[in-house]
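Read the structure below first, then the notes.
Just so it is clear, none of the values below were taken in a lab; they were calculated from the coordinates. For clarity, every value in this text was computed on a predicted model and none was experimentally measured. When we count neighbours, we look across all protein chains shown, and the Cβ atoms used for this are built from the backbone with ideal geometry, even at glycine.
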Ligand SMILES: [Fe+2]
C-alpha cells in the first residue's frame, strides 16, 4: 500500500458504520465524509495486501466555449440539468482523495455525462493528470452528445468512438494490468450492452495466464451480468436510503435478451472460470447491489456500486483488498 503516513492522517478521525452487514456494509470516513464499501479477496499467496479502489458514474456534465457552438451540445445544455455546470467535480475530488492510496483505481463508466470537450477536460484535470494510472471503462453516456433532448445523435457512433479513442489514455475496449503480483485488473468495455470477439480472445488468454500465475482476475465493466441465480429477479439495493430493486436476470447474458454470439461467449467465459475470476465490479444502476454469479462449483462476487455524485457529491468508493 502507498503513502502509509499520509493514509494514516487521512483516516485519523476514524470511520463509522452506516448500514448493512459483512460484505454488504456501508461505511463513512468521519472527517472527509466519503462513503465506502469493502471486499476482501484471499489469494492464499500471503505477503502484502494489494488495494484496488473502484469509483463509478461520475457524470461530468459540462460544456466549454467550443462545445457551446456545437448545435447538438447547445440543445443538450438546455435540457440536461442533472449535475449541470460541472457539479461532479466536488465528488470526484473527494473520492480520489480517498482512492489515491490504493495501488490501482478503476472507474467503471459514465465518467462523462455526454460526449463534450468540457467533460473530457474535467476528466483530464481531476483524474488523469493527477492520477495518470487510473483505468477508466466506457459507459453508455460517453457515447452520445444528445442527452434528454428527445433527439437522436446526428453523427455516426464510429465518429464519436474515434473522438473518445483519441482522448483515452489506455485501450478503452480492453485493458489488463497485473497489480502487486496478485491481482489482474481488467477494464472490459460493455458500454453498449455487449462484448466482442476480440475481447473474448484477450480475456481467454488472460484467464489462462492468471491461472498459471495464481493471479486473482478482477473484472471491471459498466454494466452487470446475469447472475444465473433464480432469486435475483427481485434484488433489493444495499443502499438503505433509496429502497430500489433490480433484476439481475435481465442483465447481460440473460436468456431473456437477444445478445449476439460474441456477447454470449464472453458471458459463458466468465461463468466457466469462477476459480480464476474472483470478482466483477460494475456501475450503471447508480445504486449498490452485491450478488453472486453462479459459476458451477464457484460463486463470483458481483458488486454494483453507488454512483459517485450521490449524498451531495460526498464520494463513494469500493475498496477491494486482495490478500
Ligand atoms: Fe450512470
Per the helix-only model, the chain has a calculated mean residue ellipticity at 222 nm (DSSP H runs of ≥4, -39500 (n - 2.57) each, divided over all residues, rounded to the nearest 500) of -7000 deg cm²/dmol
Once both labels are modelled 7 Å past Cα along the beta-carbon direction, what's the residue 43-residue 261 spacing in nm? 3.6
Given a Förster distance of 45 Å, report the FRET efficiency between residue 154 and residue 312 from their Cβ-Cβ distance, rounded to the nearest 0.05. 0.80
Where does each of 224-236, 269-281, 9-21 land if you order them by average Cβ count within 10 Å, highest first? 269-281, 224-236, 9-21
Please give the contour-minus-distance gain from residue 211 to residue 65: 0.36 nm per residue of separation, less the Cα-Cα distance, rounded to one decimal in nm. 47.6 nm
Could you list 168, 82, 285 so that the one with the fewest beta carbons within 10 Å of its beta carbon is first and the one with the most is last? 82, 168, 285
Sorted by Cβ density within 10 Å, fewest first, the residues 51, 129, 208, 142: 129, 208, 51, 142
Please order 306, 261, 292, 124 by the number of other Cβ within 10 Å, starting at the fewest. 261, 124, 292, 306
